[in-house]
Structure formats: structure tokens, C-alpha cells
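**Q** This structure is in C-alpha cells; I'll ask about it shortly.
Computed from the coordinates by the stated procedures, all read-outs in this text should not be read as laboratory data. Worth saying up front: this structure is predicted, and the values here are computed from it rather than measured. Every residue, glycine among them, receives a Cβ derived from its backbone with ideal geometry; neighbour counts consider all protein chains shown.
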Amino acid sequence: MIVNARFLALLLPVAYRFGTKEVTSRAYDECTALLRAVYASQRLKLPFEGVLLIGYEAAKLSGGSRGVATSVYEECTRRLSPR
């Protein structure tokens, strides 16, 4: 938990394939639909001024998605931190 966070940044794969059956999870699309529904209904108030949702193609990453996620998190934290 991050106390007093003003923004939420999420890095999700556009499509994630796993398992022997080649099951594809569309995490980015599902998260986009969920956030739109939450903000549109206004029944659940999220404590953020804004949400940054970043979709990436896993096959095009070098160094793996964990390295990219760490880099994006660090850059967002640096830019959004009070000076």
C-alpha cells in the first residue's frame, strides 16, 4: 500500500499467452473496461487524481517485462514525486 498516492500507474501486457493450450489473457483490455466501469458508475470512489494505464507487447520487450515494469515505475515515481 502506498499512502497518499495521487496517481495509479499500471503496466499490463496487451496479450499474455500461457499454458500448453495457448490460452490468451487480454489483461490491458480487461483492465481498461473495468476502470471505465468503475469511474463511470461513481459508486466506488478510487482515491486517485488519475490512472495511467500502459499496455505493452511482451514479444517485443528485451530483458523481460519485470525489467520494463521496474523502469516505468521508477520513471513515474520520479516525475510524480513532490519536489
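**Q** Tabulate in residue order the Karplus-calculated ³J(HN,Hα) for segment 27-44, using 6.51 cos²θ - 1.76 cosθ + 1.60 with θ = phi - 60°, rounded to whole Hz; enter x for Gly and Pro.
**A** Values, residue by residue: 4, 4, 4, 5, 5, 4, 5, 5, 5, 4, 5, 4, 6, 6, 6, 6, 7, 10 Hz.
**Q** Shifting gears a bit: Full extension from ARG78 to SER25: what is 0.36 nm times the residue separation minus their Cα-Cα distance, to one decimal in nm?
**A** Stretched fully, the ARG78-SER25 segment lengthens by 16.0 nm.
**Q** Here's something else I'd like to know. Can you list residues whose amide H is under 5 Å from ALA9's amide H, if they're 5+ apart or on another chain and H is modeled 1.01 Å from N?
**A** LEU52
**Q** Let me ask you something else. Run the quick spin-label model on LEU44 and TYR56: label points 7 Å from Cα toward the beta carbon, then report their separation in nm to one decimal.
**A** 2.6
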